[in-house]
Amino acid sequence: MITPAYWVLIAVGAVIVVLVLVVIGIYNKLVLLRNRYKNAFAQIDVQLKRRYDLIPNLVETAKGYMKHERETLNAVIQARGLAVDAGRRAAANPGDPAAMTSLGSAEGQLVGALGRLFALAENYPDLKANQNMLALQEELASTENKVAFARQAYNDAVMTYNTGRETFPNVIFAGMFNFREASLFEVESREEREAPKVSFN
Amino acid sequence: MDFFEHQDKARRRTGRLIWFLALAVVGIIAALYLVVWFGMMLVAGYDARPGDPNAYAGSFWHPELFLIVAAGTLAVILLSSLYKTAQLASGGHAVAVLLGARRIDPQTHEPAERRLLNVVEEMALAAGMPVPPVYMMDAEAGINAFAAGHDPRDAVIGVTHGCLKYLDRDELQGVIAHEFSHILNGDMRLNLRLVGILYGILVLALIGRIVLRSMRHVGRSRSRSGGGAVVVMAILGVGLVVIGSIGFFFARAIKSAVARQREYLADASAVQFTRLPDGIAGALKKIGGRGETSEVHNQNAEEISHMFFGNAFGSFSRRIFDTHPPLADRIKRIDPRFDGKFPARVEPVAVSAALLEAETKRARPPARVFGAVLGGAAAAIAVDPAAVLGRIGVPGLEDMLLSAEMLAAIPPPLREAAREPYDARAVVYAVLLDRDPAMRGRQLETLRTMAGERVRQTTEGLAPLIDGLPEEARLALIDTTFPALSLLSPAQYLAFRQDVDRLIHADDKVELMEYAVRSMVLRNLDVHFGMAQPPAARHGRLAPLLPALIRVLSALAHAGQSDAAEVRRAFDAGMARVGQTGAPLPREQCALDDVDAALGELAEAEPLLKRRILGACMACVAVDGMVTPREATLLRAVAAVLGVPISPLAAPGGETPPA
C-alpha cells in the first residue's frame, strides 16, 4: 500500500526535478543573452578601431595647411589617445559600468575635438579642396554612422539582457550566478563635451 | 547516394535510434520497479505486523506501484528531453554558446581568422547555402571542430584554437569540408535529437545523486522517526544512480556507434568535396602527432561530443565510448599508403597577411575553364534535371573552384560591405534595385525616407558595382551577407525586413525575381531571429501537396512564358515529372503571397518527395531543355525556400556543355 507519506515524497521529488531544470534553463538563457551583447560590442570595437586608425592620417594631412592651429590638432591627438585607452578597457570587459562610462565620455571628447577641427578647416580653402582630406572626411563620417548603428545593436542587446536579468524569477538567480547589470554605451552630449578643458604645452 | 537519400537515411536512422532508446527506457523502468519493490518489501517487513495483507514480501506484482514508477520515470525522461531539445531549438548558436565559443567577427583582419572565414565562405557558396557564422573556442588547444544546427539555414561552424594554430590551408579546408558534409548529410538534426534523449536518461542518474545527498542530511537530523521512508529513499537513490548510469552507458554506446559510422561518410565526402585527400589526412595526422589531442575541455562538451571533428575526450574506455573511429583507421581509408606513423612534432603554422593574399590568388582557377559559366551571362545552357538533382549536396572540386572564382569576381568594396552589418543591408537593397532609372530613383527615394540619407547614399554607391555582376555572382554576394546580417539586433532586423518589403513594393509590381531574392535573404534570417521555425518534414506522399505544387508550377510557367500554349507546355512538363496531369491556374491566382504559402507547404515534404518536387520545378522552368541564368536564379530561390542547397554550378547546368 502506498501511504500518503510516499505521495508527498514523490511530489517533493518532482518539484525538485522541475526546479533544477528551471534553474539550469535560466542560467543558460542568461549566458546566451550576455554572449549576445558581448558580440555586439565587438562590432562597435571594430568600427572604433578603424576610426582611431584614420585620425592620425587626418591630422597629418591637416598639419600641412593649419600651421597655426596646433592646439586644436593636439587636442584631437590627445582625445584619440584617451579614447583608444578607454576603448581597450571597455573591450576587455564590455558592459562594465565604469568602462562604458569612461568610453562614452572619451568618445564624446574625441567627437567634440574633431568637430572643432572640421569647423576650423572651413577657414582653409586649400585644405578643404585637398582630395586626401575629402576622402578621409568621408570615411570618418561613414565610420561614424557605423559606430552609431553598432551602438544601437549593442544597446538593444544590453536592454534585452538587463530585462532578462531583472524579470522574476531570473532575478533571484542572476545575483547568485554573478550576472551583473550591463551598461548602455552612450556618448555624452555636446554641452557636456565642451566642459573639460585640456591644457597643452 | 545523393543529398535527398542521405537526408532521408539520416531521418530513418533517427527513427530507429529512438526505438532503441525507448527500449532502453523500458529496461530502466523495469529495473527501477524492482528496486522500489525491494525497498518497499524491506520497509513493509520492518513495520508490518504478522499477517498484514499490505506487506510487500508476499507478492511481486503491484500494479499501482508499477504505475507510479513508470509514470515518474517517463515524466522525468520526457521532461528533461523536451527541456534540452527546447534549449537547443535556437539552433547552432545555442550549442556554440554552451561550449563557451566566441563568434568570429565577419570583418576580422587577423590573418588566421580571415583565412578560416575565407575557407568557410568558399565552401558554403560551392555547396549553395548561406555562409554559416563561425565560432572560435579560444581556450581549447586541441585540434577539433564542430558543426551544429537543425539544417543548412541555421548551421554554425566552430573550431578550436589549435585548429587555427597547427593546420595549414589545405588541412583546414579538409576539416571544414568534413563539417560541411555533416551539414549536408543531415547529421546535425540527428545529433541534436540524440543530445535531447541522452540528456533525459542522464537526468535520472543526476536525480539519484541528489536524492542520496539529501538523504545524508535527513539521516543526520532525524535518526529514528520516518525511518522507513528514509530507507526507501536511500535505496531509490542508489537504484537511480546505478540504473541511470547503466542506462546512460548504453545510450552513449548507441550514440557513439551511430556517430562513428557518420564520421567515415563525412571524411569521404570531404575528400570528394575538396579533391585534396592530403588536406584532411594531414589534419588527422597532426591530431595523432600531438598525441591524439583533439580533446576539448569545456564541461559541456560531453553532451555534444559526437558533433566534433575528432574525439573530444581522452583515453577512458576507448572502444565503446569513442564517438569517432580510430585515427589510423580514418587516415587509411583516405590515404591507403599511410604507414601508421604520426609526425613526431607538430609545429604551429604562422599565417601572415601576405601569405593569405598569395593563397587567395592560388585558389583562383584558370579563367578559360570557367569563363564559359561566368562570362556567358546572357546565354542559356542546356540542363538535364536528373543530373542536376544528382549533384545537389555533393559539391565537387568544380563547385569549389567556381565559388572561388565568383568570389574573386566580386569587387573588393562589395565584399567588404557584405561583411559589415551596416553596409550589408545596403548590399541587399542595391541588389533589389530596378534596372529602369526612373523606377530606381523612386526606390532610392523610398529608401531615404525609411532608412535615412546615409543608407540611400551607400546603396546608390554600391549599385553600379552590382550592375556589373553576373547573375550567379550576385546570388553568391547575397549568401555572403548572412553572417553580418545575423549580427543585427532584433529591432534592427525588423526595420531591415520592412525596408526590403517596401523596396520590393515600391515599383507597384512584385516580380517573381524580387520575391526570389527576398526569400533567399529573409527565410534564413527569420529562422535565425526566431521569427520562423525551420520546416519539419510532415508529408511523405504527394497527394496532400498537389494543390500547392500546381500553384507553384503555374507561377513558374507564367514567369517564363507569356503565350498561353507555352505556359501550358511548361506546366505539363513539370506535372509529367511527378506523373500527374492537370490544368495550370490562371495568372491572377498566382499572386506572390499565395505562391509563398504554397512553397511553405512544399517545404514540409520529406526529402525523397522534395527531390520529385524540385525535379518537377526544374522540368517546368527548363521546358525546352535550356536554362537562362535568370531562370537558374529562380530555381535556386525555389530550392532555397524548400531548404535544399543547390550549388551554383549545378543550377545553370554545370555539366559538360553541349557539343
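Miscellaneous remarks
- Averaging the sequence gap over all C-alpha pairs within less than 8 Å and six or more residues apart, then dividing by the number of residues, gives chain A a relative contact order of 33 percent.
- Over the range B:557-647, the ratio between the Cα radius of gyration and 2.2 N^0.38 Å evaluates to 1.03.
- Point-to-point label distance, A:Lys63-A:Ala11, nm (Cα→Cβ direction, 7 Å offset): 8.0 nm
- Modelled FRET efficiency - R0 25 Å, B:Arg502 with A:Phe118, Cβ distances, 0.05 increments: 0.15
- Net charge over other residues, Cβ less than 14 angstrom from the Cβ of B:Gly244 (K, R count +1; D, E count -1): +2
- With 18 Å as the limit, the listed pairs B:Lys255/B:Lys341; B:Lys255/B:Lys610; B:Lys286/B:Lys341; B:Lys9/B:Lys610 have B:Lys255/B:Lys341; B:Lys255/B:Lys610 beyond it between alpha carbons.
- Taking Cβ atoms as reference points and 10 Å as the exclusive limit, the residues near B:Ile197 contribute a net charge of +3, counting Lys and Arg as +1 and Asp and Glu as -1.
- Rh (Kirkwood; distinct C-alpha pairs) - the range A:39-194, Å: 16.9 Å
- Considering all different alpha carbon pairs of the range B:516-615, the Kirkwood hydrodynamic radius works out to 14.3 Å.
- Computed extension length for B:Thr85-B:Leu546: 162.7 nm, one decimal, from 0.36 nm per residue of separation with the Cα-Cα distance subtracted.
- Reach of A:Lys146 by Cα under 22 Å, taken over lysines that are not fewer than 8 positions away in the same chain: A:Lys38, A:Lys49
- Cut-off 9 Å between beta-carbons: net charge of the residues surrounding B:Tyr135, Lys and Arg +1, Asp and Glu -1: +2
- Separation in nanometres of the label points that stand 7 Å from Cα toward Cβ, at B:Leu212 and A:Glu181: 4.3 nm
Every read-out reported here was derived from the displayed coordinates using simple, explicitly stated rules and does not represent laboratory data. As the structure is a prediction and not an experimental result, all values here were calculated from the model. With ideal geometry, Cβ positions are generated from the backbone for all residues, glycine too; neighbour counts draw on all protein chains shown.
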